[in-house]
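Reviewing the structure listed below.
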Amino acid sequence: MKHNVLRYGPLGIVSMVGIDLSLNKLTGEIPEEITSLDRLSNLNLSCNHLSGNILKNIGSIKLMESLDLSRNDLYGEIPSSLSDLTYLSSLDLSYKNLTGKIPSGPQLDTLYSGNPSIYDGNSGLCGPPLRKNCSGDNSTESGNVIRSGNDLEPIFFYFGLGSGFTVAVWVVFFTLLFKKTWRVSYCRLFDRAYDILYVFISVTHRRLARQATED
Ligand SMILES: *[C@@H]1O[C@H](CO)[C@@H](O)[C@H](O)[C@H]1NC(C)=O
């Protein structure tokens with residue numbers, strides 16, 4: 001159970017209700033009646049040739065703690081009732097032909113983050129927590145729209161920046177071109193700035209040169 005070998009003592013067998021038929025050659029579908037075993041807490045049918053779907057009302061085996069259906073020929077969708085199994089602490093649905101959207105639920109999400117390989121080898125599965133989006137799923141489609149909107153954002157930003165800059169340069173250029181007084185004062189300002197810079201540089205240069213000779 002839960003990938004551990006348990007040794008049953010006289011007390012353990014009372015509290016432990018499990019069926020382990022793993023590593024056999026069982027074929028056919030999982031019998032519907034198994035869901036009426038409401039004390040069942042461990043079911044391991046791994047490594048058989050079971051086919052068909054996972055039982056729709058698997059969620060009615062409320063005390064299920066460990067469910068291993070890996071390495072069978074099961075196909076179809078994972079029933080959403082699986083998220084009703086609140087005691088489930090070990091799940092393995094790997095290497096089958098499961099398809100469709102993975103049901104969500106706090107229990108299943110936690111199991112996945114504890115062991116991300118539980119859905120391995122099912123190429124048809126999609127939706128969170130897997131990266132693969134389900135096609136035709138509205139929620140993931142709107143997610144795509146949002147994401148492509150984000151992709152466009154930098155383009156709009158740089159376009160806005162570029163056009164704003166261009167307009168500003170032309171405004172300054174045309175004002176200077178047509179307003180004579182502004183042009184004169186602009187040139188004067190430029191000249192004065194140049195003068196100040198020139199004086200500053202030559203004074204500093206001379207001071208440094210003097211310091212060098214004194215040293
Ligand atoms: C189910 O049985 C297989 C083979 O005996 C074993 O390797 C696996 O760990 C078992 N699964 C669980 C959840 O205990």
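The values are calculated or read from the model by the stated rules, or taken from the named source; none is laboratory data. Please read all numbers here as calculations on a predicted model, not as lab measurements. Reconstructed Cβ throughout: ideal geometry from the backbone, glycine too, with neighbour counts over all protein chains shown. Quick note on the areas: whole protein, heavy atoms, side chains included, nothing else; ligands and nucleic acids left out. Shrake-Rupley method; radii C 1.70, N 1.55, O 1.52, S 1.80 Å.
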Exercise. Hey, can you tell me all the residues within segment 81-106 that are free of Cβ contacts under 8 Å to residues at least 60 places away in the same chain, of a type outside the set (D, E, K, R) and in contact with a strand residue (DSSP E or B) (Cβ under 9 Å, 6 or more places away or on another chain)?
Key: LEU82, LEU85, LEU88, LEU91, LEU93, ASN97, LEU98, THR99, GLY100, ILE102
Quiz item: How many of the residues in segment 41-68 are within 16 Å of the ligand (Cβ to nearest atom) and either part of a loop (DSSP other than H, G, I, E, B) or not assigned by TED's automatic domain parsing to the domain that holds ILE118 (or both)?
Solution: 10
Quiz prompt | Hits in segment 69-80 - residues which are open to solvent by less than 20 Å² (accessible area, probe 1.4 Å) and either more than 15 Å from the ligand (Cβ to nearest atom) or part of a strand (DSSP E or B) (or both) | solution = LEU74, GLY76, ILE78, PRO79
Quiz item: Out of all the residues in segment 113-127, is one or more in a helix (DSSP H, G or I), closer than 30 Å to LYS2 by Cα, open to solvent by 30 Å² or more (accessible area, probe 1.4 Å) and at pLDDT 85 or above?
Solution: yes
